[in-house]
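The values are calculated or read from the model by the stated rules, or taken from the named source; none is laboratory data. Worth saying up front: this structure is predicted, and the values here are computed from it rather than measured. Cβ: placed from backbone, ideal geometry, glycine included. Neighbour counts: every protein chain shown.
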Amino acid sequence: MPISKRLPDYLGRAAPTPPHRTALTVVILVLLAGLFLVCLALAEWRPFAGTSALSPTHTAVRIPSSATPADPAATLIPDTGWELLHPGLERRLINLFDGSGGRVEFLYILRLDPREYRLEVAYSPSSRSLATWQAGSGALVVVNAGYFRVENGTYLPDGLIVVDGKAIGEGYGDYAGMLAVTRRGAEIRWLAQKPYDPHEALLAAVQSFPLLVKPGGVLGFPDEDNRRARRTVVAQDRQGRILFILAPLGTFTLHQLSVTLTGSDLDLDVALNLDGGPSTGLLLAEPYEEIQPSPVLPAVILVR
């Protein structure tokens with residue numbers, strides 16, 4: 001948070017400064033400015049520097065005990081590696097720590113082979129919980145989708161979604177991306193490279209923004225906005241597999257997550273930020289694991 005500092009009153013009534021002291025002051029200020037720029041550069045390459053002072057968002061999470069032991073004295077596993085849950089579906093958890101060894105965030109990742117699973121988008125103007133979405137669809141995985149708004153008690157998608165081949169809402173510009181599902185399978189697109197075509201036979205789609213990794217594994221969000229929140233990401237690696245990546249403790253800024261994903265060993269080709277904050281949520285039906293969103297959700301991505 002910004003800190004307001006009040007200057008001492010006597011500073012406004014100080015006597016004129018001698019010339020030699022003015023020159024010395026200028027030199028000191030230049031040196032301090034240079035040191036400040038160096039610190040900024042170091043922080044750019046260390047996204048988690050100083051996170052011990054953060055207050056992560058509390059969230060209900062039910063994940064494997066191997067990654068989050070019930071015993072507080074037990075040691076957290078930094079990285080579980082890929083664990084096969086079902087044919088074509090793997091899970092990985094990566095715990096992230098600050099300089100004192102305290103966990104500040106974790107990445108919950110599901111990676112699936114789109115040849116083995118079908119992705120769909122579901123929408124309801126009245127909104128539902130993850131459990132309700134899963135019970136009604138029988139989906140193996142349910143993940144929160146894109147942004148939405150509420151008008152006169154009705155939940156409406158911000159940006160375009162396609163449900164059972166029907167387009168709902170208005171599309172974003174070329175700054176955004178889209179999870180697109182056709183009969184050939186699922187892919188993540190950058191709308192600047194492949195704009196939405198209303199004549200394309202899409203089975204399902206979700207538009208959102210920003211791209212955290214642009215096609216080819218390029219850093220997608222280079223500017224720091226210093227806004228930390230829970231995050232949900234849908235991505236595609238260079239082998240064509242689809243990944244759902246959640247950071248539910250609220251530590252990441254968009255830039256930090258962009259840097260982390262681009263430089264990771266996930267071999268990502270492209271990654272799209274979905275709705276986050278209180279909307280971040282995922283339910284895996286078998287084995288049961290859930291990261292609960294705070295609100296109910298009007299639109300979700302289903303994996304069958």
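From the list Tyr175, Tyr108, Tyr117, which one is out of contact with any helix residue (DSSP H, G or I) (no Cβ under 8 Å at 6 or more places or on another chain), crowded, with 19+ Cβ neighbours inside 10 Å and under 26 Å from Pro198 (Cα atoms)?
Tyr117
Filtering the range 178-187 down to residues that are more than 19 Å from Leu156 (Cα to Cα) and not acidic (Asp, Glu), which residue is surrounded by the fewest Cβ atoms within 10 Å (Cβ to Cβ)?
This residue is Arg183.
State which residue is nearest to Trp82 (Cα to Cα) when the search covers only the range 250-260 and only residues that are surrounded by 24 or more Cβ atoms within 10 Å (Cβ to Cβ) and not polar (S, T, N, Q).
Leu257
Quick check, is Val296 of a type in the set (A, V, I, L, M) and in contact with a helix residue (DSSP H, G or I) (Cβ under 9 Å, 6 or more places away or on another chain)?
Criteria met by Val296.
Quick test for you: out of Val162, Val142, pick the one residue that is crowded, with 23+ Cβ neighbours inside 10 Å, among the β-branched types (Val, Ile, Thr), touching a helix residue (DSSP H, G or I) at 6+ places or on another chain (Cβ under 8 Å) and assigned by TED's automatic domain parsing to the domain that holds Pro295.
The match here is Val142.
Quick one: which strands (runs of 3 or more DSSP E) lie wholly within the range 210-295 and hold at least 2 residues that are at pLDDT 95 or above, assigned by TED's automatic domain parsing to the domain that holds Tyr172 and within 18 Å of Gly146 (Cα to Cα)?
Per the criteria, 211-214, 231-237, 242-247, 268-273, 282-284.
In this structure, does Gly276 turn out to be in contact with a helix residue (DSSP H, G or I) (Cβ under 7 Å, 6 or more places away or on another chain), surrounded by 22 or more Cβ atoms within 10 Å (Cβ to Cβ) and under 26 Å from Trp133 (Cβ atoms)?
So Gly276 does not fit the description; no.
A quick yes/no check of all residues on (1) outside any loop (DSSP other than H, G, I, E, B); (2) over 21 Å from the mean Cα position of the chain (by Cα):
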{"residue": "Asp174", "(1), (2)": "no, no"}
{"residue": "Glu187", "(1), (2)": "yes, no"}
{"residue": "Gln193", "(1), (2)": "no, yes"}
{"residue": "Pro198", "(1), (2)": "no, yes"}
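Restricting attention to the range 194-213, and to residues there that are touching a residue at least 40 places away in the same chain (Cβ under 8 Å) and under 12 Å from Ile161 (Cα atoms), which single residue is surrounded by the most Cβ atoms within 10 Å (Cβ to Cβ)?
Val206
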